[in-house]
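Heads up, the thing below is written out as structure tokens.
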Amino acid sequence: MIRDEYSIETRAAEIFDHRTKEYFREVVSSYQQGNWRSATVMLWSVAVCDIIYKLQYLRDISGDEIGKEILDEIERLQEANARSSEWEGRLIDEIEERTRLLDLADLDHLKYLQRQRHLAAHPVLSGNSELHQPNKDSVRALIRNTLDGLLTKPPIYTNRVFNALVEDLAESKSVLVTDEKLRSYIESKYLSRADLKLEIGLIRSLWKLVFRLQNDDCDAHREINYRAIKLLVGRNPSDVRDAVASESDYYSHIAQEGEPARLLIRLLSQHPSLYDCLNDAAKVIVEHVAEIDADARIFAWFLNGSLQDHSEKLIEWIGSDEHPGLSNEVVVSLQNISDSAEWKKQVYAIFNSYYGGSWSYDEADERFSVAISPFLSKYDAKDIEDLLSMIDGNSQTYDRRGARRDHGFVRDRCNELGVNFDVYRNFSRSVAR
């Protein structure tokens, strides 16, 4: 037997408005005492009140004109006939026709609650003039649907939140310099009361801004917006994958080159299942960018089937006559493609190849400082031996002026690990002179 683990009391703690939360206690009390008819009638009243409170919030806090117009119309209906409940039905119609406060499924649940409330509150004259008596299970379902579909939802529209978010990020990006600061800021200010639908909506809007549009404003704020969308995707990756798959053509409408395409490949490197959700046209773009753009190729491991295959192809490519040049930021970020121990080892082999493939003294200076020095303390004996082999085979590494200093750090690590570096003659000469 499957047990329903849903807790009305626990979910009720998440009700957005404190007045709604107080009124809802009466619904729970009636339900627990077996007064299911009373619980149904009160639940409808609580739902109507909550919609009013949400519209007032939108009017007073967000300056929403539609919310103000709906409230003004409802007030006029009430003043015209204080005893009539006609305004309640009109309120639901206005919410459906003029706002996106509730989705279609939630509106259907609300209309069903309205019908059940009518049956519970008024005798049916065509029958025995008796009030309808709902059962426990049907009332529990009404309560659950109203909680999840209305009462616990914040009074916000996706578009309004999106506009506020991107404006806020643009103004605050100089402060939100780390991903942890960004996460804390966005989650506390925008996501603490958001549901999955809102988060998917934000991703959908940011996707266009980050991966498709190219103009001065988008370019200026692309990095902070990318970090935001990366954060959002990471919160619910399987749900995001379903959303992308369900609107493949929308998400596949991407820029054909430049920073938007490079950033998309970065995101796909963290969530490769999204690549499978794109249509063939988008995949052609991704493959082309990865082929012609060195920084993009570094992250496009999902095109090579596995991280192991990808690392082997990168090492071959880095050591080829193409002599790819990579930005320092990309080199450092390479280790973040995967947090597995296997990938970390493969990254060190790529770093060694990158340094060993230097074509000039200056380039070797730069590559050692970026790709070797920060990670030497994590190298094991095998990693060091691979590095020594790369150094020994390229005079641009061992003959340069800075080799004695830089390779002195390598020698120290060899001594710590008990690696005999004397057999690497060119390396030994570089630290001895």
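A few notes on this one:
- Set of the stretch 259-273 residues, backbone N closer than 19 Å to the point 7 Å along the Cα-Cβ line of residue 332: 263, 266-267
- The trypsin sites (Lys or Arg not before Pro) of the stretch 40-104 that DSSP puts in a loop, and whose beta carbon has at most 11 other beta carbons within 10 Å, are 83.
- Sequence-ordered 3J(HN,Hα) estimates for the stretch 18-29 from the Karplus curve with 6.51, -1.76 and 1.60 and θ = phi - 60° stand at 5, 5, 4, 4, 5, 5, 5, 4, 5, 5, 4, 4 Hz, glycine and proline given as x.
- At full extension, residue 13 and residue 341 could sit 113.9 nm farther apart than now, given 0.36 nm per residue minus the alpha carbon distance.
- The stretch 306-433 - convex hull of alpha carbons, volume per residue in Å³: 96 Å³
- Size-normalised alpha-carbon gyration radius of the stretch 156-303, reference 2.2 N^0.38 Å: 1.00
- Violating pairs (Cα-Cα greater than 22 angstrom) within the set 153/189; 283/345; 68/153; 230/345: 283/345; 230/345
- With N counted as the residues of the chain, its alpha-carbon radius of gyration over 2.2 N^0.38 Å works out to 1.40.
- Per-residue HN-Hα couplings for the stretch 79-91 [Karplus 6.51, -1.76, 1.60; θ = phi - 60°; Hz; x = Gly/Pro]: 5, 5, 8, 5, 8, 8, 9, 4, 4, 5, x, 5, 4
- 30, 340 arranged by Cβ crowding within 10 Å, fewest neighbours leading: 340, 30
- Only helices enter this figure: runs of n ≥ 4 DSSP H residues, each worth -39500 (n - 2.57), summed and divided by the residues of the chain, yield -21000 deg cm²/dmol at 222 nm to the nearest 500.
- Residues 397, 40, sorted so that the one with the fewest Cβ neighbours within 10 Å comes first: 40, 397
- The residues 207, 359, when put in order of fewest to most other Cβ atoms within 10 Å, stand as 359, 207.
Throughout, read-outs are computed from the coordinates displayed, never taken from laboratory work. Since the model is a prediction, treat every value here as computed from it, not as a measurement. Neighbour counts are summed over all protein chains in view; Cβ atoms, including those assigned to glycine, are modelled from backbone coordinates with ideal geometry.
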